[in-house]
């Protein structure tokens, strides 16, 4: 992981100037929010640029959730409530691996919870926090209790399929 600070990296790439960074840091001290969220909220940096720098800083793939369109199969694995609680956006499923966007992609505890919840391996990518939560509200808009039940049923079905495959492998 890159030890450089986010503000320093943004200034080096000329995405913000020193004065804008100082302003954002002052606001951040008052709110306690992440620097990236402060910069986005103040309109001092765009979501795509912030995502790119976060990916560089954390040395992981980065996505801009404001322009990312999650696949229905990925969204079906996790309810809105669970996605909000775990701070992640399911993006796509490929060969039993769920790609999720989150602000802390190196958080092994959260990744383990997501894997247990969805019955998949997890590939975490980074996304700016504010953009992530706005995307969650956008893609899960209108989520209801019935949607939550359907999500749980699909999750159980995926788990049963995996168990059946494992049993078949042991017998075969």
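Provide a single number: the residues in the stretch 88-135 that are assigned to a strand (DSSP E or B), within 12 Å of the chain's Cα centre (by Cα) and more than 20 Å from residue 52 (Cβ to Cβ). The qualifying residues number 3. When 141, 85 are screened for being at pLDDT 90 or above, surrounded by fewer than 16 Cβ atoms within 10 Å (Cβ to Cβ) and over 19 Å from residue 35 (Cβ atoms), only 85 passes. Of everything listed in (1) within 30 Å of residue 159 (Cα to Cα); (2) surrounded by 19 or more Cβ atoms within 10 Å (Cβ to Cβ); (3) not assigned by TED's automatic domain parsing to the domain that holds residue 141, the single unmet condition for residue 61 is (2).
Among the residues here, residue 88 qualifies as in contact with a helix residue (DSSP H, G or I) (Cβ under 7 Å, 6 or more places away or on another chain) and assigned by TED's automatic domain parsing to the domain that holds residue 134.
Here residue 51 does not qualify as assigned to a strand (DSSP E or B) and more than 24 Å from residue 160 (Cα to Cα).
Entry remark, the stretch 8-26: residues being surrounded by 16 or more Cβ atoms within 10 Å (Cβ to Cβ) and not in a helix (DSSP H, G or I) number 2 in total. Out of 85, 29, one residue alone is under 18 Å from residue 125 (Cα atoms), without any contact (Cβ under 8 Å) to a residue 12 or more places away in the chain and assigned to a helix (DSSP H, G or I). It is 85.
The values are calculated or read from the model by the stated rules, or taken from the named source; none is laboratory data. Here the structure is a predicted model, which means the values were calculated and not measured. As a convention, Cβ positions derive from the backbone with ideal geometry for all residues, glycine included, and neighbour counts pool all protein chains shown.
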